[in-house]
Amino acid sequence: DAKTTQPNSMESNEEEPVHLPCNHSTISGTDYIHWYRQLPSQGPEYVIHGLTSNVNNRMASLAIAEDRKSSTLILHRATLRDAAVYYCILNSYTGANSKLTFGKGITLSVRP
Amino acid sequence: GAVVSQHPSWVICKSGTSVKIECRSLDFQATTMFWYRQFPKQSLMLMATSNEGSKATYEQGVEKDKFLINHASLTLSTLTVTSAHPEDSSFYICSAKRTGMGGYTFGSGTRLTVV
């Protein structure tokens, strides 16, 4: 699986936008970019995913670089409940057993 | 939609006993389910992939005789930790992939403590 690189941590202020970067320079043409987040003592939660075009949903936006070697998860207004570990994962969905491999993720802290 | 229920949420067992963890997809069929383990301050580590009606595929270094996985139906997979020891204490998380779709849904996890 192609690897992703994320900063270890980031701090933000409540109600301000947050941009979480992810580098994936070895991404292949069939790799989707996924973002999951994990709150303390809970299982991961799907946030968003995309292939080439920018994506928006009720939780966040995903901005994908034109060369697809990097992406940014955007939380438009951070809340205290957004404090979590955010994982950027590549997955090509190839085969019935395609699996998600988690890296270290980025720990987001939100200041009141 | 796409809810995965994991039970129990926490369990304490004595060393040498076995513990079974259930993972159910409540509103969809899951051809494939995944089991992860997470130690404190660490990321999720994939243990095995289970497919309905067939043997699980274990990741390198995971003992298949110790971590028994059964995926008898399209909505249920179980992980049994046999002869548990304190070093098996961890947070176990299951994930299900919707048949024919790419999304992955995770259970809420099971905190296992072996004393």
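The values are calculated or read from the model by the stated rules, or taken from the named source; none is laboratory data. All figures in this text were calculated on a predicted structure; none of them were measured in a lab. Here the Cβ positions follow ideal geometry from the backbone for every residue, glycine too, while neighbour counts run over all protein chains shown. The protein model used for the area step is the full one, side chains on, heavy atoms only, and it has no ligands, DNA or RNA in it. Shrake-Rupley method; radii C 1.70, N 1.55, O 1.52, S 1.80 Å.
Kindly indicate the residue of region B:62-115 that is closer than 19 Å to A:Ile89 by Cα and open to solvent by 30 Å² or more (accessible area, probe 1.4 Å) and also farthest from the chain's Cα centre (by Cα) among those meeting that condition.
Top of the filtered list is B:Met101.
Please enumerate the residues belonging to region A:1-46 that are part of a strand (DSSP E or B) and open to solvent by less than 40 Å² (accessible area, probe 1.4 Å).
A:Ser12, A:Val18, A:Leu20, A:Cys22, A:Ile33, A:His34, A:Trp35, A:Tyr36, A:Arg37, A:Gln38
If A:Asn57 satisfies all but one of (1) crowded, with 18+ Cβ neighbours inside 10 Å; (2) modelled with pLDDT under 95; (3) more than 11 Å from the chain's Cα centre (by Cα), what's the number of the condition it fails?
(1)
Per-residue answers, yes or no, for (1) touching a Leu at 6+ places or on another chain (Cβ under 6 Å); (2) open to solvent by 50 Å² or more (accessible area, probe 1.4 Å); (3) small (Gly, Ala, Ser); (4) closer than 18 Å to B:His71 by Cβ:
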residue	(1), (2), (3), (4)
B:Val11	yes, no, no, no
B:Ser15	no, yes, yes, no
B:Ile21	yes, no, no, yes
B:Leu26	no, yes, no, yes
B:Leu44	no, no, no, no
B:Ala48	no, no, yes, yes
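So which residues in region B:1-53 are of a type in the set (S, T, N, Q) and touching a residue at least 40 places away in the same chain (Cβ under 8 Å)?
B:Ser5, B:Gln6, B:Ser9, B:Ser15, B:Thr17, B:Ser18, B:Ser25, B:Gln29, B:Thr31, B:Thr32, B:Gln38
Test A:Arg77 against the stated conditions and say whether it is exposed (fewer than 13 other Cβ atoms within 10 Å of the Cβ) and either more than 15 Å from B:Leu44 (Cβ to Cβ) or at pLDDT below 95 (or both).
So A:Arg77 passes the test.
Can you name the number of the only condition in (1) in contact (Cβ under 8 Å) with a residue 24 or more places away in the chain; (2) hydrophobic (A, V, I, L, M, F, W, C); (3) within 17 Å of A:Thr4 (Cβ to Cβ) that A:Leu75 fails?
Of (1) in contact (Cβ under 8 Å) with a residue 24 or more places away in the chain; (2) hydrophobic (A, V, I, L, M, F, W, C); (3) within 17 Å of A:Thr4 (Cβ to Cβ), only one is false for A:Leu75: (3).
How about region B:77-107: which of its residues are at pLDDT 95 or above, touching a His at 6+ places or on another chain (Cβ under 9 Å) and at the interface with chain A (Cβ under 9 Å from one of its Cβ atoms)?
Hit for region B:77-107 is B:Gly107, nothing else.
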